[in-house]
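Peer 1: So that we are looking at the same thing, I have put the structure below in structure tokens.
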Amino acid sequence: MTREADPARRPLVSVIVPSYNYAHFITQTLDCISAQTYKNWECIIVDDGSTDNTREVVESYLAADPRFQYVSQKNQGLAAARNTGITRSRGIFLQFLDSDDLIEEKKLDLQVAYLMHHPEIDIVYGSSRSFRAEDVGDRPYATWGEPMTDQPKRSGRGRDALLPLLRMTFVPHAPLLRKTVVDSVGTFNAEFNPNEDWHFWIRCYMNNQMFQYKNLEGTVALYRRHPTSMSADRVRMLKGLRKLRKEFRSILKDEEALQLNQQLAAAFEGYFGIDEVVAGRRSGGGWQLCRAGAMSGKGREKVKWFFCAGAALVCPRERFAHIVRTPVRQTLGGILRGAYPL
């Protein structure tokens, strides 16, 4: 066996798997770790106070493979569970993987090799795809639900890499990172649940960590969409995004980044308002659209949000949807022509 092929001589990767009541998903997650072509890994399963049979499911993996470890703690949330895993980890590379998600079989192998050959890179990440419920084979959607789109694909450090990340975050298990990154920027901040990972990556950029997007075959991060996932809790997500955007406003120094953050904060508010109206909650959606208008720094967008807020209260759902889809200039023309009376 050659030196390079010997697993014992290859750097250890710590795979951190936080879990809370996902016994029905975690077997697929642990199986995808076992199937990795890279063999020198440890998997730290952090049971964050599950009340289902997670422990019983995991025990078969612990008995079959000593690379799996199990830690149980009182329920403290995803950030705390990841931090427990980090504290227990021995690897020089870290791979985060939630217990309902998957990674393709060459991810560790190829990304470890890339970091070993590029010591100047701190974090390497590739493509991501989401799949619905238990249909692992059907993955036509990228992170935000649009076909043929993906997460940020910008490499580098500093300002140029920061701006794309303000628009869209990574799937948490897309990157493989050196443990020295955590030593430098700190662990996950539970105050920003459920967006603690976005907060972490922004801190990495601000700390001048070097990112590299490298779309290598067999390294896709697969994100499961299901009714109990955190992203499905829209009210909680909105509150979390408000808090996160406020935090970005306090820590960002670059003027363009600050303006972009404010624009995106208004847009998120508006999008959630539109969802509320479509769901039949007109008054709540109208209030959020007004909030988006007040937050927006651009005149056209401000007019658009306020007009949509008024339309939300009086227009039939079909007309409201048409107004939302219409570009700002056409909407203003419609107002002048009386096509969209409030």
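The values are calculated or read from the model by the stated rules, or taken from the named source; none is laboratory data. For clarity, every value in this text was computed on a predicted model and none was experimentally measured. Cβ: placed from backbone, ideal geometry, glycine included. Neighbour counts: every protein chain shown.
Peer 1: Against the condition under 16 Å from the mean Cα position of the chain (by Cα), basic (Lys, Arg) and at pLDDT below 90, how does Arg234 come out, does it pass?
Peer 2: yes
Peer 1: Which residues, taken from segment 201-226, are of a type in the set (Lys, Arg) and modelled with pLDDT of 90 or more?
Peer 2: If the condition is that a residue be of a type in the set (Lys, Arg) and modelled with pLDDT of 90 or more, then Arg203, Lys214 are the ones that fit.
Peer 1: Would you tally the residues in segment 168-188 being over 22 Å from Ala257 (Cβ atoms) and not in a loop (DSSP other than H, G, I, E, B)?
Peer 2: Total satisfying the criteria: 7.
Peer 1: So, one more: So for segment 220-234 (the condition being part of a helix (DSSP H, G or I) and not hydrophobic (A, V, I, L, M, F, W, C)), does at least one residue qualify?
Peer 2: yes
Peer 1: Could you say which residue among Thr169, Thr187, Thr180 is surrounded by fewer than 22 Cβ atoms within 10 Å (Cβ to Cβ), in contact with a Phe, Trp or Tyr (Cβ under 6 Å, 6 or more places away or on another chain) and either free of Cβ contacts under 8 Å to residues at least 60 places away in the same chain or in the same structural domain as Pro119 (by TED's automatic domain parsing) (or both)?
Peer 2: Of Thr169, Thr187, Thr180, the one residue that is surrounded by fewer than 22 Cβ atoms within 10 Å (Cβ to Cβ), in contact with a Phe, Trp or Tyr (Cβ under 6 Å, 6 or more places away or on another chain) and either free of Cβ contacts under 8 Å to residues at least 60 places away in the same chain or in the same structural domain as Pro119 (by TED's automatic domain parsing) (or both) is Thr169.
Peer 1: All but one of (1) surrounded by fewer than 17 Cβ atoms within 10 Å (Cβ to Cβ); (2) within 24 Å of the chain's Cα centre (by Cα); (3) assigned to a helix (DSSP H, G or I); (4) not acidic (Asp, Glu) hold for Arg55, so report the exception by its number.
Peer 2: (2) is the only condition that Arg55 fails.
Peer 1: Please work out which one of (1) closer than 25 Å to Glu56 by Cβ; (2) in contact with a Pro (Cβ under 9 Å, 6 or more places away or on another chain); (3) of a type in the set (S, T, N, Q) is the condition Asn75 fails and give its number.
Peer 2: (2)
Peer 1: Scan (1) touching a residue at least 40 places away in the same chain (Cβ under 8 Å); (2) at negative phi for the single condition Lys253 breaks and write down its number.
Peer 2: Status for Lys253: all satisfied but (1).
Peer 1: Let me ask another. For residues in segment 58-91 being β-branched (Val, Ile, Thr) and within 20 Å of Leu177 (Cα to Cα), which is surrounded by the fewest Cβ atoms within 10 Å (Cβ to Cβ)?
Peer 2: The residue in question is Thr87.
Peer 1: Search segment 4-52 for residues being of a type in the set (S, T, N, Q) and either in a strand (DSSP E or B) or not assigned by TED's automatic domain parsing to the domain that holds His117 (or both), and hand back the single one that is nearest to Gly91 (Cα to Cα).
Peer 2: Ser14
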